[in-house]
Structures are given as C-alpha cells and as structure tokens.
Amino acid sequence: MNHPLLREVRHNPLLWLLAFVPAVFAAESFAADAHTLLFVLSVLAIVPLAALLSHATESVAAKTGDAAGGLLNATLGNLTELVIALAALRAGEYMLVKASIAGAIVTNTLFMLGASFLLGGLKHHVQEFNKASARLQSGLLFLATVALLIPSAVGGADSTEARASFVHTLSVGLAVLLIAAYGLGLLFSLKTHRELFGSAEHGEAEGEPPWPLGLALATLAGVTVLVALVSEVFVESVQKAAEAFGMTPAFVGFIVVALVGGAAEMASAFSGARKNRLDLSVGIALGSAAQIALFVAPVLVLLSYVLGPTPMDLQFWPGAVVMILISTMTATFMTNGGRSAWFVGALLLMMYLVFAMTLYLMPPQVA
Amino acid sequence: MNHPLLREVRHNPLLWLLAFVPAVFAAESFAADAHTLLFVLSVLAIVPLAALLSHATESVAAKTGDAAGGLLNATLGNLTELVIALAALRAGEYMLVKASIAGAIVTNTLFMLGASFLLGGLKHHVQEFNKASARLQSGLLFLATVALLIPSAVGGADSTEARASFVHTLSVGLAVLLIAAYGLGLLFSLKTHRELFGSAEHGEAEGEPPWPLGLALATLAGVTVLVALVSEVFVESVQKAAEAFGMTPAFVGFIVVALVGGAAEMASAFSGARKNRLDLSVGIALGSAAQIALFVAPVLVLLSYVLGPTPMDLQFWPGAVVMILISTMTATFMTNGGRSAWFVGALLLMMYLVFAMTLYLMPPQVA
Amino acid sequence: MNHPLLREVRHNPLLWLLAFVPAVFAAESFAADAHTLLFVLSVLAIVPLAALLSHATESVAAKTGDAAGGLLNATLGNLTELVIALAALRAGEYMLVKASIAGAIVTNTLFMLGASFLLGGLKHHVQEFNKASARLQSGLLFLATVALLIPSAVGGADSTEARASFVHTLSVGLAVLLIAAYGLGLLFSLKTHRELFGSAEHGEAEGEPPWPLGLALATLAGVTVLVALVSEVFVESVQKAAEAFGMTPAFVGFIVVALVGGAAEMASAFSGARKNRLDLSVGIALGSAAQIALFVAPVLVLLSYVLGPTPMDLQFWPGAVVMILISTMTATFMTNGGRSAWFVGALLLMMYLVFAMTLYLMPPQVA
C-alpha cells in the first residue's frame, strides 16, 4: 500500500511508538492506579503524536501559501506543549503549568540549541548561520522573557490581598501585550521584512514531501484530540510517578514535560544540524522558545479565566526567573556571532545539566 | 519683524505653548488649590520652555567652538530635568527625585530610542547608524547604571543606623566617581578620540540657524529661571493631581515627569529619525540617558547636602533597579548591530508599555 | 656569574623583593604577634615568589611541547591563588576563601583588563585584538560564573538542615561539572580548534628565554613550598592586620588577596599591553578569571572534604554574586568588539573602584 500516512510510518521509526497510544487507553481502563506505568506509556505515546502533529502542520502550511502557512506554523508549532499545559490548567495544577512554560524556554534555548551545536560540530569543524535572523529572534525572545518576568520582579514575596489582585491584573495586561507583540513579530517576519529571515523559512519540509491537504487537516484534528486525551493521563500520573522515581515536582515540570513536549521539534533541529543547515536548527530552537513566551504563556493566562478553577498569574518562583533570564541571555550571546563549534554546544548542554541537577536535588519545599 | 526669537516662535508651533507660562503664574495666584489645573498648566508650560532652553544651549555651543560647545551641550543638555529635580529636592520629595532619575533613564533608552526606530522604520525599510559610537555610548551608560545601582544591591533591605550611614557615605563616594567618569568621557569624546563620534556631533543645529550669542545667553538665563519657577508649581501639584487622575506616585515620577522633562530632546530625536539620520537619534537617546546617570544623579546627591532637608542617597527600590538594568541592557543589545527596522522600535515601545502598565497598576505601598 | 636564575634576578627588579622571604620567617619567629608587620612582609614576599612561579611554569611548558605545555600553563597558572586559598581552607577561613575566589574573578576581569586597556591606550590610539578568541574565552567565563552562582541563586536565605545539605550536594555536583567543562575547554583550545586561539598562545615567554628543564622543575617545586609557607603567615596575619588598617574582611579577601595573588600575571598583562600585544593581555585576564571559576574554585570545594574542618559549599553572599555577574558581563561586552582605547580601560577601572569603595566602606556584619 502507498498511502502517505502509512509510508511515513514505515520510514520513520519514531512513529512505531504510535503503538503506545492504544496501550495508554487500555492501561488507564484496567490499571488506573498504576501511575508509573501510565506515566511511561503516556510519554512514549506523546512523542510520536507530536511528530505527526508537526508534520501535519507543515503540510497544511506548505499548501496554504507563504503568509498563511507561516502563520499556521507559528501558532500550531507548539501545539503539543499547549495541549499538555491545557490539561494541567484544567486540573488546576498551576505549579506544573508555570514550570512547563519556564522549562520549555530553558530546554529550547539550552538543550535544543546546545545539542544542535554539539551534533553539528562533531561532524563539521566550524558552522555558520544567518546572524541577522538569529539576532532578531533572540531580541524577540529576550523582550518576551522580560515581560514574562516583570510580575515576579515587582510582585514581591509577601502575598497580601492588594498585591495578589495587582499581580492578576498585571498578568492579564501583559498577556494581551505579549500576544500583540507576537502578532507584530509575525507581520514583520512574514510580511514587511521576510527577506531577512532567509534560509530558516520552509526548510523544515525538505526531504519529506507534504501530505495532501485533506489528509493533513484530518491528521491535525484527530491527533490533537489524541494528544489531549493522552495528556490528561500524563498530567494525572506525572506527579505520583515522579515521586516513585525520586524526582522533585520542579524537575518534572522543567525537564521531563519540556523534553516530552518538544521531542518532535528536537528531531528536526538535530537533523538540520547534522546536515550543516544550522539556520534551521537555530530558527527552530529560538523561534519555539519565543513562541512559548509570547504566545503559549499568555494564551494560558487568558484561558485560565475560562477553563481553570481560579485565574492563573505570571508570577514564577525566583529560581525559575533566574534560570529563564540566564538561558535567554546565554542563547542571545552565543548566537550573536553567527558561528559555532562543538564546544559552544557542550557549554550550553553543561549549563542545562547545571540547571537539571539543581532541580533534581532541590528539596520540594524550596520551589 | 525679524527678531530671531520671534521668528523661531512663528515657525515652531511647539513654542505657541509659551502662552501657558503666564497662565501658570496667574493660576497659582488666583487658584492655589486647583492642583489638577496647576499640574496641567505647568506641564504645558514646561514643554516649550525646554525647547527654548535646548535651542539656546545649542546656539551658545555653536558659537563657542567645538570643545567648549560640546562641554556646554553635555552639561546643560538635561537642564530641564535637573531644574525639575532640584525643585523636588528642595521640597524634600526624595521619592520623586529618585523616580524621576530612574524614569529618565528608562524613558530615554526605551521610549525615545524605540519611538525613533519606529518612526524612522515606518518611512525607511532598514536604517543604519554608527555602530562604534553607539557601542561607546551604551558602554558608558551601562557602567553608569551599574555604579548607580550598587548601593541598592549591597545596601540590603533592613535599615539599621550603621547601614544607613554606610549607604550615605557610599552614595557620596559614587557621586564623585561618576562625575569624574563623566569628565573623562567628555575628554575622550570631545578631545582625544572625537573622530569616533562622527556624525552625531553638531547634527542637532541643522536646519535651524543658531542665534546670536547675546540673545542665546540671555534666553538661557531667563528661561532657566522660568523653568525653575514653573517646576516648583509642577512639583507641588503633581502628587495631588496624580491622585485625582488615579495615578500612582511611582507612575508619575517614572513616566509623567520623564516625558515632560525630555519632550524637547524627543522632538529632535524623532525628527532626526524621520530624516534617516539615526545617528542623531541614537546619540541623543543614549547620550541623554548616560548624562542623567553620570551627571544629573550625582549632582543631585551632592546638592542634597546643601539644598535638601536631609542628605539623599542612591538607594532605589528593587523594581526600579530591575527596570533600569533591563532598559540599559536592552538598549545596549539593540544598538549593538548598528541596524534597525520598525519592529525593533515596536519591541522597545512594548517594553516601555510593560513598565508603564506595571507602574500604573502597582499599589502605592509596594514602591 | 651567568646562572639563569641569577640573571633573571638581576634583570627583574621585582625579584629583589625576594629578600623579604627570609624576613617573613625571621619575623614570625621573633615577633609572632606583630600581625601588621607580618602581613606587610608576607605580601612583599609573595609577589616575587609568584613571579618566579609564573616564569618556571612557562619554562616547563615551553620545553614539554604544545599540548602538554598548554595544559601545564592552564593548571598551574593560578598556583599562587590556589596555594593561598588552600592555606585559608586549612585554617577553616571559608569566608576568606570564597571572598578570594570572587575577588580574583572581579580583579582579573575589571582591574587587570582595565589597566591593560588603559596602559596600552595611553601609548596607542586604538588597539585591536583577536575578537574570536576573546569571545570564546568570555563565553567560557560567563558560563562558569553562572554555574558558580546557581547555589547562591536557588539556595535561599534561610538555613534549614535540608537546605544546607542540598547546597552541599549541589556544590559537589557543580564542582565535578565545572572541572569537566574545564577539561573540554582545554581539549577545544589546545587540540581540536587551536587555530582559533592564534596569537594569544605562547606569547608570554617572549623576551625572556625559558630556563633549562631541571632548573625550572626545581624552582617550581621549591617556590611552591615557599609560597605555601608564606601564605600561612599571610592568612594568619591578614585579618588582624586588616583591622589595624581599618579594612573590612570583605575588602581584604576581595581586593588585597586578589591583587597580591595576581601580581605576577598582571606584570605580564601590562607589559603586553604596552607592546601593543593586547591579545596577550586579554588572554591572560579572561583566561585567568575563567581558570579561577572553572578549576580553582571547584578544586577547593572538593579538597575541603579532605583538608578542611567541614565541607565548603559554593554559596556566596548576594553582593559578591552581583559583583561577579556584573564584572563578567562587563568584560564580555567590552571585549566583544575586538577594539579598545584608553577610555574603555578607564571605565573598567572606575567600576573596580566602585566595587573596592563599596567593600571598604561596608559595615562588617553586612557581608
């Protein structure tokens, strides 16, 4: 048979993990208390679903033309992260939502970028990438994280009534501003100054021919529903499973959720780096981090008024603020020159290890 | 009639606002308790006076030759801000003085620079400016803000006797150091390495012929006295009027005072950006911010020993420290490449909006 | 006589200070309580010993070939600082050890770099240096200081049992990571990408012919023992002498110990700058700071489990954290462009003065 979906599954070993999707639902029916099993199965199921979602989004984008396609890629590129966070939001797990936002920014800027530089650098002596494009993206990212961190910086530690209400109003205002900034950024990169964002555009689809529009749209809809269902299992089981593995909640939110949610994008970024197409890798890593900060996080704040038990604000714990700021500044600094070698990647990964180790060892009451 | 002062008034609609200068004094005699009215009138009166002061300073500078002229421009360029802050200093309103210092740095680096980039970028696709000059100025600015922030960083939150005395001694020492650094900066940019500061020099006078020296000096003296008198009315009325408008004191000091005091320079910077002379705009914005940090702030600390009820130190509230540092780092980063487009301006303005919104919403007891 | 050691002593007036080495031991026997005298004598004795140690290390490095020599230079380059810190470690003076680590980073990045730029700039109008090499070194330094500061950032202010144990485990983990990063950095700069580190390599030996291997090894061993003995006197006397001079403990650790320990490297860096070989100066200043953060500090943490009365962690007081971060960011920013003039040096020195003044004035209980 030659159906494109089946051909994709045959050629992409990652998709063989799709077998775990029914396994999750089966396990949930028969062993609803086996949290560790449910956690492992749901992780294994989300990874291939995220890959399918990513390919479906790109196929739709390729068919609908440049501007609309870019818009689609930009809004649905982090759909997996958004759906997982929505499941946590509905369950009222705001600590987990915030940790996954912070973790996605840190993981994209340190782990995804660092592993791309390292994998690319092990094959190519020195790699070059589009400096102007990286600068614009890291500028956008820097400004986004600043906005995201203002409530934590001025909110203060004590929690009086007046201050809590101030932080909530401020968070809503910032959410609206961030989405507006994101819209302007799309206008800039897809419309008025698209020539500056040269080679990073549409590179993702290379090698894999896009699907027909109908199939892509159906996949997009169907897989989103599946991700949503599996995410609920994931969110319910993750905290209990983490305890069983001896992981702190902060580690789970920051590291585990971020790695699971970003697995599909990482596969694209790493493969780009190996092919000496570092523009692609840098674009995915910085673009995805910016999208989390500018689009996913404010959408979650606004949706918390509709879906959550209580409104969610943008106040993070101080350690998360420090990690986000350092990651963003490091990524900005490291992509500033437009060149990389394996050691730059190793340093970024080392820094990620520093953060991961800190979160792993941290006593639960600190976060 | 062809008197240069009158010709100026006829050609520059901003100066028609001079009619509000007598209005302020009239209102003060007849309605000393109408704080909102006095506030609005004094704002409307300060703006044209600042424009006159700016043009008079440049005329004197143009007549006295390069080095002396540059020195004059550098010391009197923020005369309006200095006179307003002195009025607040004499009234013992140290919170307002410090907020206006912090606000002037933030407003110059985010609003003035951002609006210049945006206005210039709406007319020109990509604009270039002198990278070396921008780097030197932002380096100076960065180091100045660090010095300014050290007392807040090491001063700590608790206020024992020993610590208060430490912070005061430290503030005086830093004030002397900053003025020395400012002097060295002038020596560098006007004398030993003036060729690096190329096109930003003397651009301001373009288009408007300088006044004769006598007229310029007389205007300088007379208008300074007027600004001082109007500033007293402004400082007395601003807090009460702010309450009437529902603004927090932090918002008034940071945003309102800074916008009023810098109106004249903003007009020059924006007009330079529209004419694709971005060197001029960047030079005014960064230079003015550096001057506030290196010259105006330390002069105010030293003068507080003579003019104020008690000595003033350089300890800011933590939110102001964060905002100053972020603004300076952002301006440094954004001017580093020597290129700009409308979106860079939009991002800087967005960040200014983030800060303004935070200050507007902040409960008064936080600051 | 023409023995190389004697010829060196005759040509290098710094080495005449060697006469103070026996003077220290004599004074310690006859006047063990004259702390101020012992302090002054030990400072005067350490400076020439550090110079000898530095020349001996370079001579061994020159004889053993590129890779092994680079490795030797890299591990023994800060031997003086390490030996002094070990003496403090054995005495259980952890405040002094941490202050000397922080102070060495700040002194190398602000004072050594600043004075090199100033001294070079007074002789040469504008100086250029290898931008790529400076970027890599400042990147390494930046990442090292981040790792060093993480325990302070997440450790928090309160000191419960659980938190103290967390900070200790984290410090050991970070120490291992930092040493691994340092090893990778050596692999990168000495092996896989040595061509990027061009002119900064092997410049140090210029002008002074290397000693024969036997003499160099004997000097290395003998002088290390002497430094260790003098350091014990120094560490014992420094706190009491500081009180006599009216200096705070923070000032002594940060400024005095760092200047004494780095005197020999400073002599090389300044002489390079005067000869317009700024690559050399920047390499020594940034490389030495990175080595302290990546190698000396973690080695001290690990050795504290063997040599110290209790284990030492990596938690610094907040003011030190701020100073290290600012110094590193400033050095990164200032070396980013690959050009310098006297004013850049003046600014870095000004910032060092700001820090020194703050530490000098700070009441003892703050640190």
Q.
Please count how many residues of the range C:91-124 are open to solvent by 40 Å² or more (accessible area, probe 1.4 Å) and outside any helix (DSSP H, G or I).
A. 3
Q. So, in the range C:120-139, of the ones that are modelled with pLDDT under 80 and among the hydrophobic types (A, V, I, L, M, F, W, C), which residue ends up farthest from C:Thr328 (Cα to Cα)?
A. C:Ala132
Q.
Quick check on the range A:49-57. Is at least one of its residues of a type outside the set (S, T, N, Q) and modelled with pLDDT of 90 or more?
A. no
Q: For C:Ala180, indicate whether it is open to solvent by 10 Å² or more (accessible area, probe 1.4 Å), part of a helix (DSSP H, G or I), more than 22 Å from A:Thr248 (Cα to Cα) and at pLDDT 85 or above.
A: yes
Q. Among the residues of the range C:271-280, is there at least one that is of a type outside the set (Val, Ile, Thr), within 15 Å of C:Ala51 (Cα to Cα) and assigned to a helix (DSSP H, G or I)?
A. yes
Q. If C:Met350 passes every condition in (1) in contact with a Pro (Cβ under 9 Å, 6 or more places away or on another chain); (2) open to solvent by 10 Å² or more (accessible area, probe 1.4 Å) but one, which one does it miss?
A. (1)
Q. If you take the residues in the range A:32-44 that are outside any helix (DSSP H, G or I) and farther than 23 Å from A:Val225 by Cβ, which one is modelled with the lowest pLDDT?
A. A:Asp33
Q: State yes or no: is A:Leu359 open to solvent by 10 Å² or more (accessible area, probe 1.4 Å), of a type in the set (A, V, I, L, M, F, W, C) and over 20 Å from A:Leu89 (Cα atoms)?
A: no
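State whether one or more residues within the range B:238-258 are open to solvent by less than 20 Å² (accessible area, probe 1.4 Å), touching a strand residue (DSSP E or B) at 6+ places or on another chain (Cβ under 9 Å) and at pLDDT 85 or above.
No, the conditions are met nowhere in the range B:238-258.
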Q) Pick from the range C:310-367 the residues that are within 19 Å of A:Phe333 (Cβ to Cβ) and assigned to a loop (DSSP other than H, G, I, E, B): which of them is nearest to the other protein chains (Cβ to nearest Cβ)? A) C:Gly337
Q) Would a scan of the range C:151-170 turn up a residue that is β-branched (Val, Ile, Thr), open to solvent by 50 Å² or more (accessible area, probe 1.4 Å), modelled with pLDDT under 85 and over 26 Å from A:Leu349 (Cβ atoms)? A) yes
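Among what's in the range C:218-234 and is of a type in the set (A, V, I, L, M) and touching a Ser or Thr at 6+ places or on another chain (Cβ under 9 Å), pick the residue that is most open to solvent (accessible area, probe 1.4 Å).
Among those that are of a type in the set (A, V, I, L, M) and touching a Ser or Thr at 6+ places or on another chain (Cβ under 9 Å), it is C:Leu220.
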Q: Filter the range C:313-335 for residues that are open to solvent by 10 Å² or more (accessible area, probe 1.4 Å), farther than 15 Å from C:Phe254 by Cβ and not aromatic (Phe, Trp, Tyr) and give the result.
A: C:Asp313, C:Gln315, C:Met329, C:Thr332, C:Met334
Q) Residue check: is A:Leu294 buried (at least 24 other Cβ atoms within 10 Å of the Cβ), within 12 Å of chain C (Cβ to nearest Cβ), of a type in the set (A, V, I, L, M, F, W, C) and in contact (Cβ under 8 Å) with a residue 24 or more places away in the chain? A) no
Q.
Give me the residue from the range C:275-291 that is crowded, with 24+ Cβ neighbours inside 10 Å and of a type in the set (S, T, N, Q) and, out of that set, farthest from A:Thr358 (Cα to Cα).
A. C:Ser281
Q: Scan the range A:42-54 for residues that are touching a residue at least 60 places away in the same chain (Cβ under 8 Å) and open to solvent by 10 Å² or more (accessible area, probe 1.4 Å) and jot them down.
A: A:Val43, A:Val47, A:Ala51, A:Leu52, A:Ser54
**Q.** Test set (1) within 11 Å of chain A (Cβ to nearest Cβ); (2) surrounded by 23 or more Cβ atoms within 10 Å (Cβ to Cβ) - B:Ser304 fails condition number
**A.** (1)
(Q) Every residue in the range A:125-138 that is facing another protein chain (nearest Cβ under 8 Å) and either within 18 Å of B:Val322 (Cα to Cα) or part of a loop (DSSP other than H, G, I, E, B) (or both), please. (A) A:His125, A:Val126
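The values are calculated or read from the model by the stated rules, or taken from the named source; none is laboratory data. Bear in mind the structure is a predicted one, so any value in this text is a computation, not a measurement. Using ideal geometry, Cβ is built from the backbone for each residue, glycine included, and neighbour counts are taken over all protein chains shown. Note: accessible area is taken over every heavy atom of the protein model, side chains too, but ligands, DNA and RNA are not part of it. Shrake-Rupley method; radii C 1.70, N 1.55, O 1.52, S 1.80 Å.
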